[in-house]
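J.: Take a look at this one; I'll ask things after.
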Amino acid sequence: MKHILLLTVSLLCLYLPARANKTYILVQTDHTQLVLTTDDAGNLRTRYYGSRIDAPWTFLNDDKLFTGPNGSGPMTIPTTGGVFIGTPALHVRYADGSHNTELYYTGHTSEYRAGVFTTKVMLRDPVTALAVVLIYEAYEKEDVIVAHTEIINGGKKPVELLDYASSALHFNADKYLLTHTWGGWATEMQVERELLGHDTKVIESRRGVQATQGNNPSFMLSLNTAEFSETAGEVIAGALAWSGNFRLSFEHDNAGKLNVIAGINPHAATYSLAPGKTFITPDMVWTYSNNGAGQASRNLHRWARNWGVYGGGQVHPTLLNSWEGAYFSFTTETLLRMIDDAAGMGLEMFVLDDGWFAKDYPRNGDDAGLGDWEVNTAKLPEGIDYVASYAHDKGLKFGIWIEPEMVNPASNLAHRHPEWVVKSPGRDIYQERNQWVLDLSNPAVQDFVYGIFDGVMQLSKNIDYVKWDCNRVIESFGSTYLGKEQDRFYVEYCQGLYNVMRRIREKYPRVLIQCCSSGGGRVDYGALRYFDEIWTSDNTDGDCRAYIQYATNLIYPPFIMGAHVSAVPNHQSGNVTPLKFRFDMACAGRLGLELQPKHFSEHERALAERCIASYYQYRDLVFTGDLYRLSSPYDSDYYALMYVSQDKSRAVVYTYCMRYQHRAGSQHSFRLDGLDPKRNYTVKELNVNRSCWWGDGDVFSGEFLQSGAFNPDLPQKYSSAVFYLEAQ
Ligand code: DGJ
């Protein structure tokens, strides 16, 4: 095929190793390099992950590293067995009850295709015939390496996988500063930083679904420093592409080395692998920056845009969502008036949220109807097509809400298919939000869930967007379908979800699908392979959103973040913030409104229209620009960020006062970033009649703007300003 260069070589032939019986393997991108070597015995060792260096094969001459305190050194795939006694990435129990696996290098291949250099390293245990293939995809331009592992049972009896991580990396630094996120419903993605002590830190989820409503399967590691820096120092960022239970472990050993292991959480999930069968782990996404955290985020965001997120790089419509404006109480008339208002304000889509379905058990609250996906004609006698077509006639797209993985006990589905419900035999099923989970490990349930999506799409040819919700965790799991093989449940639930999404994408490649799970309960690069965007959080308070959005963007790109302006007092927090602050915060993501527009005063409506109109001027920067964080709401009283176009000709800068300082402190200085120092930019504040910056409307060099001279006056808590920059 044109533009595709396919090259399969054995790197063994490319360079002469320093010692004939040893070899090295390079996995490299434009600016980064992962170096693996074999030792005399044939163990595979991770020697280096960092900026590209010359003569990486020199590592072959250093075998001191192989005598770690436990005699183990940096194993590329640490296993239980052999000389290794640390945390394993792979732990297998064989049919004879033994636990030892020793993997030796048997060869590797490399293939280049359109910007991605794929390296496969083969290893084998000569005693048990267990084979492992480590697969590394190096995304050249994005400086991202995506790794996963294939575990092949080459023996004659089944084996049990007790640990089966995706990828491990080994680091050698003086200090390790770990940045990760924790949270809960409406407080997703809260940043936590800690210097790693000499023990093992584990970040995990055992929630089954909604796996990221607590911790997120991602992190940043700043090396050799106790300070988090946006612009300086070595930073490794990682994100596991898996929407189920996960485990990230950081083992800081007594020699100061750090083993990072990322993969599926094996909790209650020992995986039995039959002879001849292969288990394929999810992907682990890695990046390295020697210019601080900002570059690490930008690498991941670029990779997400070009490869990692479904539909990445496309601009998404602004929208009005019905949830906080109408909840379950609406009629056709309510929706039509909301559509009129959305169109009148210049929005591009209307999304009908929960409450439109189920007849026998009508969905008029969260206690009934899930599972019965037929239009509630008592509420919407004209049907969905009528509303969707009305939206289209007004020039809007139309979206609709579903929660297909769940069932209310009060539904026809629950009565018809009790065997489809996740349930531990002989025990009651706990309810959360009055609902149960459907067992997606069962192919019949997968068909049903696929059918829900497909069926809803038949309600109108004018459905452009689906919000896919998932509002509870799984505890007390049990699958009728899996019988005695309950250990497979957590893994096969997630694989079942992906099977369904694959089928949906085959049939509906262009429908926008939002991944919602009570807000940000399913934010990971596994889900994002199928979903276009996420519902970042049910917490739409502009203040709380600053922390959530900042942290989300450490790893995930701004363009996936549904960010809505809602009413005050905020329905979650009770907080009151100015409408302009709420807009300025929401405009840093995919802008939406989630309120009843008819409750706007004339002045508010005019401001809303102005903010929406100006968003279109720079929206492409939110979707395709590079993010530069100027200050963090966690560390500063002022939060600021900017997006810069790839050619550095345009930028948008957002600034917010998060805490009241005092008069003298209100003109906070920000160093803009990412601009071309040599070009001149006009700077214009948006959505105000009088600017809060003395330089508004004037022209400044990129160098000047990046010198700290940019100091808008943000005198009060929740003062905010958005500036648009254009090169002359
Ligand atoms: C939880 C979601 O996060 C909300 O946005 C809304 O869709 C409700 N579910 C509807 O039940």
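Coordinate-derived values only; no laboratory data. None of these values were measured; they are calculated from a predicted model. All Cβ positions, even for glycine, are placed from backbone atoms using ideal geometry, and neighbour counts span all protein chains on display.
J.: Strictly greater than 52 Å: what percent of every Cα pair in the chain meets that?
T.: Numbers: 35195 of 264628 pairs.
Roughly 13 percent, rounded to a whole number.
J.: Next up: Per residue, what volume in Å³ does the convex hull of the Cα atoms of the stretch 376-420 enclose?
T.: Dividing the Cα hull volume of the stretch 376-420 by its residue count gives 90 Å³.
J.: A further question follows. Roughly what % antiparallel, to the nearest 5, for the DSSP beta bridges in the chain?
T.: 80
J.: Same structure again: Pull out a ≥ b ≥ c, the square roots of the eigenvalues of the alpha-carbon gyration tensor of the stretch 630-727, then state rounded if a/c is under 1.5, prolate if not and a/b is larger than b/c, and oblate in the remaining case.
T.: Prolate shape, in that a/c is at least 1.5 and a/b is the bigger ratio.
J.: Okay, moving on. Arrange the following residues from fewest to most other Cβ atoms within 10 Å of their Cβ: Glu703, Glu251.
T.: Ranked by crowding around the Cβ, least crowded first: Glu703, Glu251.
J.: Here's a follow-up. Hey, got a sec? Which trypsin sites (Lys or Arg not before Pro) in the stretch 409-445 land in a DSSP loop and have at most 16 other Cβ atoms within 10 Å?
T.: Arg427, Arg433
J.: For Phe723, Phe171, which order do you get if you count the other beta carbons within 10 Å of each Cβ and list the fewest first?
T.: By the 10 Å Cβ count, ascending: Phe171, Phe723.
J.: Oh, and also: Before rounding to the nearest 500, sum -39500 (n - 2.57) across all DSSP H runs of length at least 4 in the chain and divide by the residue total; then give [θ] at 222 nm in deg cm²/dmol.
T.: Details: 11 runs with 129 residues, N = 728.
Mean residue ellipticity, 222 nm, calculated: -5500 deg cm²/dmol.
J.: For q = 0.14, 0.17, 0.18 Å⁻¹, what log10 I(q)/I(0) does the stretch 41-161 give under the Debye formula with an equal point scatterer on each alpha carbon and no solvent?
T.: Log10 I(q)/I(0), no solvent term: -0.69, -0.97, -1.06.
J.: While we're looking at this one, here's another question. Quick check on the stretch 550-603: what does the Kirkwood estimate of hydrodynamic radius come out to from the alpha carbon pairs, in Å?
T.: 12.1
J.: If a/c stays under 1.5 just call it rounded; otherwise compare a/b with b/c (prolate if a/b is bigger, oblate if not). Do that for the stretch 2-308, with a ≥ b ≥ c from the square roots of the Cα gyration tensor eigenvalues. All intermediate terms of the calculation are to be shown ahead of the outcome.
T.: Working: a/c = 1.34, a/b = 1.10, b/c = 1.22.
Note, shape of the stretch 2-308 comes out rounded.
J.: Relative contact order, percent, of the stretch 286-354 when contacts are C-alpha pairs under 8 Å separated by at least 6 residues?
T.: Across the stretch 286-354, relative contact order equals 31 percent.
J.: Here's something else I'd like to know. Taking the beta-carbon count within 10 Å as an exposure proxy, list Trp323, Trp694 from fewest neighbours to most.
T.: Details: Trp323 22, Trp694 11.
The most exposed by this proxy come first: Trp694, Trp323.
J.: Just to compare against my own numbers: the Cα pair-distance distribution for the stretch 450-591, 5 Å bins, whole % per bin, please.
T.: It works out to 2, 9, 16, 17, 16, 15, 12, 8, 4, 1, 0, 0, in whole percents.
J.: Which of the lysines could a cross-linker bridge to Lys64, judged by Cα under 25 Å and excluding same-chain residues fewer than eight apart?
T.: Reachable lysines: Lys22, Lys175, Lys257.
J.: Here is a further query. Let me know the shape class of the stretch 291-362, please: from the alpha-carbon gyration tensor, a ≥ b ≥ c as square roots of the eigenvalues, rounded when a/c is under 1.5, otherwise prolate if a/b is greater than b/c, or oblate.
T.: prolate
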